[in-house]
1. Can you tell me which residues in region B:157-176 are within 16 Å of B:V21 (Cβ to Cβ), crowded, with 19+ Cβ neighbours inside 10 Å and without any contact (Cβ under 8 Å) to a residue 60 or more places away in the chain?
2. B:G205 - would you say it is part of a helix (DSSP H, G or I) and in contact (Cβ under 8 Å) with a residue 12 or more places away in the chain?
3. Does B:I49 satisfy the condition of being touching a residue at least 24 places away in the same chain (Cβ under 8 Å) and touching a Ser or Thr at 6+ places or on another chain (Cβ under 8 Å)?
4. Given the conditions (1) more than 11 Å from chain A (Cβ to nearest Cβ); (2) surrounded by 21 or more Cβ atoms within 10 Å (Cβ to Cβ); (3) touching a residue at least 40 places away in the same chain (Cβ under 8 Å), which single one is not true for B:G154?
5. Given the criterion farther than 21 Å from B:L374 by Cβ and of a type outside the set (D, E), identify the matching residue among B:L231, B:L289.
6. I need the full set of residues from region B:165-186 which are assigned to a loop (DSSP other than H, G, I, E, B) and under 21 Å from B:Y238 (Cα atoms), in order please.
7. Any chance region B:112-135 includes a residue that's assigned to a helix (DSSP H, G or I), in contact with a helix residue (DSSP H, G or I) (Cβ under 9 Å, 6 or more places away or on another chain), surrounded by fewer than 15 Cβ atoms within 10 Å (Cβ to Cβ) and without any contact (Cβ under 8 Å) to a residue 60 or more places away in the chain?
8. Return yes or no: is B:L185 of a type outside the set (K, R) and within 14 Å of chain A (Cβ to nearest Cβ)?
Amino acid sequence: MSRHGIAVRLLAAASLIVVLLLLARRSVDFVYTGF
Amino acid sequence: MQITLLSTQFLALAAVSVLLVAGVRGQPRQYVFLALNSAFLWWIFLGPIGTLSTVVFSLTGFVGARMAARFGRRGLTAGIVLYTALFVYQRQYDFVTWVLPDILLTDILRTVGLSFLFFKAVHVMIDAAGGTLGRIDLITYLNYSLNFTTFAMGPIQRFQDYRDQWEGVKTALEPRLEAHLDAGLRALAGLAKAYVLAPFVADYGLQPDTDLLSLGLTGLFVQSWAFWIYLYLNFSGYCDIVIGIGSLLGVRPPENFNRPFLARNISDFWQRQHRSLTLWLTDYVFNPLYRFFLTRPATTRHRLLAANLSLVVTMLVSGLWHGTTVSFLIFGLVHGLWFVVYRTWDHLLTTRLGRQRVKQFRQHPLVHAGGIVLTFNATALAFVFFQLRPERVVEAIVQVAGR
């Protein structure tokens with residue numbers, strides 16, 4: 001298990017969480033739920 | 001329809017599900033998963049009445065599968081006819097609302113992902129009749145059918161794949177921390193696609209009420225590209241979320257996309273786009289139809305005609321599976337037409353040049369790039385009918401015909 005690999009993944013996860021917290025729309029229509 | 005995958009309820013329930021399913025062993029694990037799936041149906045997707053009607057719909061599929069397993073071909077035919085009738089009624093296709101009196105039409109039975117449930121059940125019926133599924137127990141079937149990761153929008157997982165992973169015959173995830181982190185990252189990336197990127201692109205895409213003829217050619221292309229990209233981000237984002245969660249849960253749903261924008265022709269496109277649907281349609285609609293046409297006197301010597309007829313019917317079924325209005329029928333028909341054009345072109349080219357030279361021709365970078373551009377635009381135009389309201393489609397057709 002590489003510490004570097006884990007650190008990179010945790011950093012990516014943290015970045016995505018920040019993006020979601022800042023930019024995500026509150027509600028989204030999922031097109032395919034109607035099918 | 002709006003579902004709240006970015007809500008505290010959904011994410012907390014998903015996390016609890018992953019932990020509980022991992023922590024319980026033996027038969028109780030099945031009951032725990034059924035309770036969790038029911039909780040998702042009730043709280044996240046449908047509420048009490050929708051949950052009840054969905055469970056009844058799912059149970060009807062189980063009865064059909066048992067009939068098919070017990071009585072073979074006759075049981076299968078009866079099961080599929082009855083189940084399709086129930087599906088058509090519950091789905092309330094436009095033609096059903098025209099024919100049936102208002103008193104028989106109700107919104108109470110409306111649910112989410114009915115088409116996905118239907119195709120999963122029909123697959124189980126057909127495979128059960130073929131004797132390839134072995135014994136199907138009720139609780140495994142219910143958990144397969146109502147599995148919260150694939151319930152609302154697929155991917156259309158096969159029963160065998162689900163059961164093999166559930167029973168540990170196949171593993172969903174390598175037992176390494178990196179693999180688990182990757183699955184979590186996949187779900188987060190999916191949330192970013194669906195909740196950040198897709199809504200941004202949607203603003204530039206075709207709207208259901210767009211007046212096609214007022215757009216101009218450039219406007220039509222740009223808006224149909226944007227809608228197509230939006231649809232990809234919306235649906236593939238959702239698939240990333242559930243593949244990530246499913247992997248952590250121990251039953252990984254199948255991959256559904258493989259960079260569809262790089263498709264070189266319409267056949268390649270449907271191998272890359274909504275793959276689980278394509279595989280279903282190939283196994284249960286195209287292949288039987290193609291075999292049927294090859295045994296008819298009129299088409300037995302004309303393989304191209306048999307293939308083209310089978311493709312058009314398959315794409316019409318795909319259109320009807322996608323939606324209840326005439327727009328979706330046209331959507332299917334246009335895809336069928338693209339298939340006929342591509343298959344016929346491919347046949348003519350092979351007849352004239354021979355296989356080896358056709359292969360060299362296709363490998364030329366310009367031909368490769370041209371194929372990608374043409375396929376992208378052809379599919380984007382077909383998706384116009386996916387988005388526009390039927391009234392708008394009819395208006396546009398009438399106006400073009402009147403010119």
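1. Matches in region B:157-176: B:R163 only.
2. Criteria not met by B:G205.
3. For B:I49, the condition - touching a residue at least 24 places away in the same chain (Cβ under 8 Å) and touching a Ser or Thr at 6+ places or on another chain (Cβ under 8 Å) - is not met.
4. Unmet condition: (1).
5. B:L289
6. Correct list: B:A172, B:L173.
7. no
8. yes
Here, each number is a calculation from the coordinates, and none is a lab measurement. Note that this is a predicted model, so its numbers are computed, not measured. FYI the Cβ positions are ideal-geometry reconstructions off the backbone, even for glycines, and counts take in every protein chain you see.
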